[in-house]
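Encoded as structure tokens, the structure appears first; notes follow it.
The values are calculated or read from the model by the stated rules, or taken from the named source; none is laboratory data. Because the structure is a prediction, the values reported are computed rather than measured. Please note: Cβ atoms are built from the backbone with ideal geometry, for glycine as well, and neighbour counts cover all protein chains shown.
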Amino acid sequence: MKKMLIAFGLTAALASSLLAKTVVEIAYPYPFLFKHVHQELKEKFEKQNPDIEVKVRPGAEDYEDATQKVLRDSITNRMPDISFQGLNRFRIFVDKGLAVDLAPFIKNDPKMSEKGFNESMYAAGRFGEHVYGIPFAVSLPIAYYNMDLVKKAGWDVNHLPNTWEEVIALSKKINALKIENKYGMAFQWDITGNWLFQALNFSQGGKLLSDDEKKVAFTSPIGRWSMATFQKFFTEAGMPNRLRKVNRADFINGNVGVMFNSTSDLFKVSKAIGDKFKLKTHQFPGVISRYGHLPAGGNGPLMLTKDPEKQKAAWKVIKFWCGPEGSKVVAKNTGYMPPNQLGAQELVKEGFYENNPNNYTAVEELPLMTKWYAFPGDNALKITEVIYKAMQSIADGSEKDSDKVVDDIAAKIEKLIK
């Protein structure tokens, strides 16, 4: 009897060890966009990898919140194993030595190219010879048009605006209709990371800091043009001072002629609009040829665990999320573009873009894509807040002189980057 019990105990212990799972905990931002995406990928991944359990933390409100939460967790040793961060926030985790270099994992995995991974994907998270992050979802700024209002205003529906002057002219026409609660344009300037301010600046070939990152560069004519153009949206185009959640709701309800926003929101906006009006997307206006670019928004995973065994499991998670399967789930449930080459090819074969032409606008902008700039040093988040508050002063009309606003920003930022 004693031998039987011992044998049973050994068998139970062996079974338990065989059934033991490696738990990989992930954290992510924007639950209203990504909650269901991560849940779907978790279920698919665990079916294929029964020895790994993926735990998903509650989503952070936005990229800044996601960064702050993980930085706080690093102090108390509570960091997730993988953190999905805005592409412009990779740098903070690299500078602080928190992110794990993925280059050795890539080098030792000979089938990466077969799975749709390539150098353009690695470039988003490359710092010198090291790769710390891989893009999971990529977005670009585009225009969302309410074609019913565009037509009602008398604009040629076959020639949507390609310059900011034309955008302002269309906005004036829509405002001139004097339809209650309806207005011409919305520019989602308060998107995280000063993203649309960068878009204005980069579209003209501008930059934010000098090449050595010791001086502010947007005091140049291009930088001043960017802030002055932003001001014209209020003073000339009649854009009301409203935050993006309000603008988004107004657009969905048919009250805005054109909204400049990320592709990331396209799926949910389209679904919410339904048959209220005809929605058409169009490229971001005024990008100058040869020198103009647009910052790539989006996010990707950083491996944070230093445990070698967990790293093996975390690498499998990262490959699955950023591979063709993950890319397709993202594209079909959001407006993000799939950075994975194989995933993008499969979507084309499946007729996704043919059936969803509004999603193809951002694909047409891909040749314009550049890095979403990340300010250096420990004050990166403070610099983002400085620019945000300056743009708010333009939006609410408390500052009338856009040149003065640019000079004030420059003086504050140069103190923060020293």
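The table below lists the values:
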| read-out | value |
| --- | --- |
| Segment 113-129: number of residues that are surrounded by 14 or more Cβ atoms within 10 Å (Cβ to Cβ) and assigned to a helix (DSSP H, G or I) | 3 |
| Checklist (1) touching a residue at least 60 places away in the same chain (Cβ under 8 Å); (2) closer than 24 Å to Glu365 by Cα; (3) not in a loop (DSSP other than H, G, I, E, B) applied to Lys232, failing item | (2) |
| Qualifying position, being under 21 Å from the mean Cα position of the chain (by Cα) and on the phi > 0 side of the Ramachandran plot, among Gly125, Gly133, Gly116, Gly97 | Gly116 |
| Residue tally, condition over 17 Å from Phe230 (Cβ atoms), hydrophobic (A, V, I, L, M, F, W, C) and not in a helix (DSSP H, G or I), over segment 174-215 | 3 |
| Of residues in segment 267-304 being crowded, with 19+ Cβ neighbours inside 10 Å and over 30 Å from Thr229 (Cβ atoms), the one farthest from the chain's Cα centre (by Cα) | Leu304 |
| Every residue from segment 67-120 that is out of contact with any strand residue (DSSP E or B) (no Cβ under 9 Å at 6 or more places or on another chain) and among the hydrophobic types (A, V, I, L, M, F, W, C) | Leu71, Ile75, Met112, Phe117 |
| Unique residue being in a loop (DSSP other than H, G, I, E, B) and either in the same structural domain as Asn194 (by TED's automatic domain parsing) or surrounded by fewer than 21 Cβ atoms within 10 Å (Cβ to Cβ) (or both) when the list is Leu160, Leu149 | Leu160 |
| Filtered residues of segment 320-342 (kept if surrounded by 23 or more Cβ atoms within 10 Å (Cβ to Cβ), of a type outside the set (S, T, N, Q) and farther than 18 Å from Leu368 by Cα) | Trp321, Cys322, Gly326, Val330, Ala331 |
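Matching residues to (1) in contact with a helix residue (DSSP H, G or I) (Cβ under 6 Å, 6 or more places away or on another chain); (2) of a type outside the set (Phe, Trp, Tyr); (3) free of Cβ contacts under 8 Å to residues at least 60 places away in the same chain; (4) in a helix (DSSP H, G or I):
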{"residue": "Tyr360", "(1), (2), (3), (4)": "yes, no, yes, yes"}
{"residue": "Ala374", "(1), (2), (3), (4)": "yes, yes, no, no"}
{"residue": "Glu385", "(1), (2), (3), (4)": "no, yes, yes, yes"}
{"residue": "Tyr388", "(1), (2), (3), (4)": "no, no, no, yes"}
